[in-house]
Each structure stands twice: as C-alpha cells, then as structure tokens.
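Report on the structure given below.
The values are calculated or read from the model by the stated rules, or taken from the named source; none is laboratory data. Small disclaimer: the values here were computed from a predicted structure and weren't measured. Positions of Cβ are backbone-derived with ideal geometry, glycine not excepted, and every protein chain shown enters the neighbour counts.
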Amino acid sequence: MSAPANAQIRVPVAIVGAGPVGVTAANLLGTYGIATLLVDRANEIIDYPRAIGIDDESLRTFQSVGLADDVLADAIQNVPLKMIDAKGHCLADMHPTGRDSGWFKRNIFMQPLAEKTLRTGVERFTHVRAEWGLELRVVEPADDSVTLTLAGADGRAVTVVADWVVAADGGRSTIRTQLGIPLDGATHPRKWVVIDCGNDPVDAPYTALHCDPRRPYVCARLPYDHRRWEFMLYPGEDAEEMLAPERVRDLLGQHVPDPAAIEVIRARVYTHHSRIARRFVQGRVVLVGDAAHLMPPWAGQGMNTGIRDVTNLCWKLAAIVRGDATPALLHTYEQERRAHAQAMIDLSTTLGRILSPTNQTLAHVRNWLLRAASAAPPVKQWILEMRFKAQPHYQSTLVTGEPLGCPIPTLGRMFPQPTVETEDGLRLALDDVLGPWFAIIGFNCDPLAGLNADQSAALAALGAVVVRVVESRAGERRRRQPCVDPDTVVVEDADNALRTWFGARKQQVVLLRPDRYVAVLARVETFGAEATMFARHLTEGAPL
C-alpha cells in the first residue's frame, strides 16, 4: 500500500522502523486487533544479516503471533557457543539443552529471511497498514497525540497523527534525537571487520569466540552454507583499507586453506556501543530496540532484547487503546524493561572483555581462570546451560505480592511452556492452548471456584482464557468434573512439568499476563481476591 502525496493519516498506533523489532510489534498489535501503521524509510529489506541469533524468548513471541515455525524453517536450532584459545582448545562450551519456554535457547538464522517472514505475517491483518519508502522528518508530541511528518524519495509528503508512537528506528533514532533523549554509556574504541561468506569450507557447526591475542575473532556457522567472520582491528589499522578485497582475503587466509574459493558476500566495519536511553517513555512516544539500547554482539542479545521490549509493550498499548487500561499502564514498560536491558548490555560487554585481550599475559590468566572454572562441576553446568544470562524479573505495579509460604520467587517471572494434552488427544505447546491474551491456570482445581459475583465480573473484564490442568492420565472421572465456567479448557499435564512447577511453589492457580509473565500466584481459596485487585488496578488504576 502506498499513501498518496499530501495524505493525512489518523491511527491509534504508529510504528516507525520495520526492522525485526518494529515488524514484530506490528504482528503483535495485529494479533491484538489494534489498528496500526508501520512505516520504514527503505522500500526493501536490507539484504545482509546483522543479527544472527534468536533465543527461546523471541521464538515464544513469534509463536504467539503464529510465525515461530515459519521463522525456524530458515534457521539452525540448538547451536552451541564456544570460547576457544589461540591453540584451538575449548575454554568454555555453552550448549543449553533446557527448553523451559518451549524452544531451544540458541538458534542461528538469516535476518533478511526472518524479516521477510515477519513482514508477510503483517499482511494477514487488514487493520495493520504498512508504508515503505517514507522517512520520518519531524516528530511533534502533543498532550493527546503525536504528529509525524514523513517524506518519500519520490516527493510524497505524508502526515500521520497517532495516539501512540513506537520508535523502532534504530541506533541513530530520529525520534530519540528530536525528543532530546540522551544515550548514556560508552562507545568501544576497537572496531571490527565483519565478513559474511558463502561456500563455507569450515567444519565447525557452532558459534566460536576465538580468544586469540594475536587477533581476537569470531567464527559462526550460518544457514544455507554461509559463515560469518568478525575480526578485531588494531589501533592504526585503517578501517576502509581493511575492507579492500586483498585484505579481506588475507584475514580469511589465516583460517581457511583456500580463501579464493570462498564467496565473500559482504564486508563491513562496525563500531560497538554499550549505551542505554535515559528514558524509554516520553509522553506518548515509546522507544524500543536499538532506539532504546545498544550493546556489543557477543551475547547475541541485541535483537532479542528488542523483541522482549515489544512483547512487554504491545499488550499494554492494546489494553490502553481498547480502553481496558489507563494510560498510566505505559509507564510500567520502562519500569520493567530498563533494568533487564542494562543487564543484557553488561553481559555483552563482559563477554567482549573476555574475548578481546591482546596482551599475552592477560590472555594466559584469562585462559587459566576459564579452565579452572570449567573444572568445577557446578560452575561447568552454570556455563553449559548459560545460567549467567539474566532472566527478566519484572517488579512493578503489574504483579501482586508474593504469596505467604511460597518458597520460590515467582511473581514477575516468565511461566514455563510445557506440553499439554487436549481432550481430543492432541499434544500441544501450552501457549497454543492459552491464546494471545490473559490466561488463568488452575492445577488440579477449578481456578474460578469460590469467586463471588464482583470477583467474577472483574476477572471477566480481563477476557482471560481459563484452563484447568489435570494430571497425566487422570481418567475420565477427573477430566469430566464440572467447572464454574463452562468454557473452561481442560488439559492433561502431559510431561508432569506443571505438577512439578506448582508443587514446588505450594500454590494452585496463576494469572498470566499476555507476555506470559506471572501476575498473580495463589491458593484457590485466595485467588479471587488477589486476581480482582490486579484486574481493577489494570482497568481502573486502583492500588494493589
């Protein structure tokens, strides 16, 4: 679709920037039924990969909009990350096998193919409109709206008036700049040459951080016979000169037998940043992705952190636009996302510091410490399963208090996604039963039992799917027990994972937010009161 010259468009939500974060936001808002405009200055998808890793949390988001399998069709799943010394010895092997969220934690993809899949997904929604080739020139916030002035290379001028604006316009964000929001942090002094190649001759089916003090580098297998190389530049090395074909071949020639046989698709020089916006929300404008935070690539968390941003944000925007929540809800986005984004920046920066020493003595000490750590079984397991990667723990007004007697902190953390079995014998991932909005789950109980009329009305306003989980092979007598709500979905705990989860917490019922974080955890006797407080806080701004 192409807006005519001098068009004026009014829309509840406008998203500026159609990279993977912006287009994921458009799919989420489309799934929630919100009229949305997605704009990008480019007419085509950038044809070279930037991000190469998708984690389990991002795949769970793609699952929520029905696109996870399509994205994975062009990805390599369950890829290890190794740290290797100058002699080729493995210092640390990170190969997490747990699938708590229903997906593998490290997956390698081609960003242009994933973006194509996500853009195709947007086309499913008649209420989501995409405009390509329009560059943002001016953003003008007002108390009740935001006006965007856009211009096309063909001379078109388009004005957009949006109730809310999502700034997904990258690290050089025009919106962030015009709003005067500073980026705090540092820019790293060393630059890196990134080379994407075809005809991959290397038998290394993993991502490797080569801690070689002679020249630290990264080597990563990509789908479809591609490989990425990243080499650190030394002070005094000219970045443009290092991109000359002969210098690129020289860099590759130190690691492959015949660099001339490799198809060099593209070579670029990158500068790394560890920065975060001082504010994520200003009025009716919200920063997401690289517009809100920048980090080195070593933990593979740049794009994934942005996907977490919009997963947290979009259901809140949808609730506000629908009139189901007060605008104050938007401020919980910054409360919840900023600390975790900073944690991902710190992790990425730390991994870069481990990778990049060029002093032989420092490199030797680093190698000794990593080997010693890996020799201790608990530490080795901690590294293997990547437990050093901080999981989001949202502490805001959108979770109730931790219940008495619960031995494991749970509120504000992501709920697992095991396999369940439906009444007709289908084995499904839990989220495919819960749907995209709020969900109430009771284990071995009817979660709505004992609610009074006021509590029932408050919870009905949430529009939550209600699920009763029974134990695996519980038998027809237990499966057929009547529920207060005749629309309650009954499923079996196919892998006994939910029995373990609820049993460890000594509780029976949860209320899950649309982003699958636990908002309420309670015994069935107290759930009605707890969940009603949450529902009224959401819809009326009442205190918890």
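Descriptive notes on the structure:
- All conditions in (1) part of a loop (DSSP other than H, G, I, E, B); (2) farther than 30 Å from Ala519 by Cα; (3) not β-branched (Val, Ile, Thr) hold for Asn367, with the sole exception of (1).
- Contact map, region 286-298: first residue over 11 Å from Leu313 (Cβ atoms), second residue basic (Lys, Arg) and assigned to a strand (DSSP E or B), Cβ cut-off under 9 Å, separation 6 or more or different chains; pairs are His293/Arg275; Leu294/Arg275; Met295/Arg275.
- Residue match in region 144-152 (condition: farther than 26 Å from Gly323 by Cβ, assigned by TED's automatic domain parsing to the domain that holds Val285 and within 26 Å of the chain's Cα centre (by Cα)): no
- Among all residues of region 168-180, there is none that is in contact with a helix residue (DSSP H, G or I) (Cβ under 6 Å, 6 or more places away or on another chain) and closer than 27 Å to Gln360 by Cβ.
- Pairs, first surrounded by 24 or more Cβ atoms within 10 Å (Cβ to Cβ) and modelled with pLDDT of 95 or more in region 15-39, second part of a loop (DSSP other than H, G, I, E, B) and hydroxyl-bearing (Ser, Thr, Tyr), C-beta under 9 Å, six or more apart: Val16/Ser173; Gly17/Ser173
- Listed conditions (1) over 14 Å from Pro20 (Cβ atoms); (2) in contact (Cβ under 8 Å) with a residue 24 or more places away in the chain; (3) assigned to a loop (DSSP other than H, G, I, E, B) are all met by Ala42, apart from (1).
- Candidate set: region 194-226, residues that are farther than 25 Å from Asn107 by Cα and out of contact with any strand residue (DSSP E or B) (no Cβ under 8 Å at 6 or more places or on another chain); chosen: the one surrounded by the most Cβ atoms within 10 Å (Cβ to Cβ): Pro213
Results for (1) crowded, with 21+ Cβ neighbours inside 10 Å; (2) modelled with pLDDT of 95 or more; (3) part of a loop (DSSP other than H, G, I, E, B); (4) of a type in the set (Lys, Arg), shown as yes or no for each residue.
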site: Val166; (1), (2), (3), (4): yes, yes, no, no
site: Asp169; (1), (2), (3), (4): yes, yes, yes, no
site: Ile175; (1), (2), (3), (4): yes, yes, no, no
site: Pro189; (1), (2), (3), (4): no, no, no, no
site: Trp192; (1), (2), (3), (4): yes, no, no, no
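- Some residue of region 91-105 being buried (at least 22 other Cβ atoms within 10 Å of the Cβ), basic (Lys, Arg) and in contact (Cβ under 8 Å) with a residue 12 or more places away in the chain: yes
- Restricting region 243-265 to residues that are loosely packed, with under 13 Cβ neighbours inside 10 Å and of a type in the set (D, E, K, R), the residue that is farthest from Pro141 (Cα to Cα): Asp258
Residue-wise test of (1) over 22 Å from Glu421 (Cβ atoms); (2) in contact with a helix residue (DSSP H, G or I) (Cβ under 9 Å, 6 or more places away or on another chain).
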site	(1), (2)
Asn452	yes, yes
Ser456	yes, yes
Leu462	yes, yes
Val467	no, yes
Val470	no, yes
Pro486	no, no
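- Count of residues meeting criterion [of a type in the set (Ser, Thr, Tyr) and either buried (at least 19 other Cβ atoms within 10 Å of the Cβ) or part of a loop (DSSP other than H, G, I, E, B) (or both)] in region 415-437: 1
- When region 305-356 is filtered for residues that are polar (S, T, N, Q), part of a helix (DSSP H, G or I) and in contact (Cβ under 8 Å) with a residue 60 or more places away in the chain, the ones remaining, listed by number, are Thr311, Asn312, Thr332, Gln335, Gln342, Ser348, Thr349.
- Some residue of region 500-516 being of a type in the set (Asp, Glu) and without any contact (Cβ under 8 Å) to a residue 40 or more places away in the chain: no
- Only one entry of Trp382, Trp315, Trp368, Trp298 meets the criterion of being in contact with a strand residue (DSSP E or B) (Cβ under 8 Å, 6 or more places away or on another chain) and of a type in the set (Phe, Trp, Tyr), and that entry is Trp298.
- Given (1) assigned to a strand (DSSP E or B); (2) under 24 Å from Ala167 (Cα atoms); (3) touching a Leu at 6+ places or on another chain (Cβ under 7 Å), index of the condition Thr117 fails: (1)
- Per-region count, region 434-474, residues of a type outside the set (Gly, Ala, Ser) and touching a Ser or Thr at 6+ places or on another chain (Cβ under 6 Å): 4
- The set of residues in region 503-528 that are more than 29 Å from the chain's Cα centre (by Cα), in a helix (DSSP H, G or I) and surrounded by 16 or more Cβ atoms within 10 Å (Cβ to Cβ) comprises Val524, Thr526, Phe527, Gly528.
- Of all residues in region 262-282, those being at pLDDT below 95 and either of a type in the set (Phe, Trp, Tyr) or assigned to a loop (DSSP other than H, G, I, E, B) (or both) number 2.
- Some residue of region 287-300 being over 16 Å from Ile52 (Cβ atoms), among the charged types (D, E, K, R) and out of contact with any Lys or Arg (no Cβ under 8 Å at 6 or more places or on another chain): no
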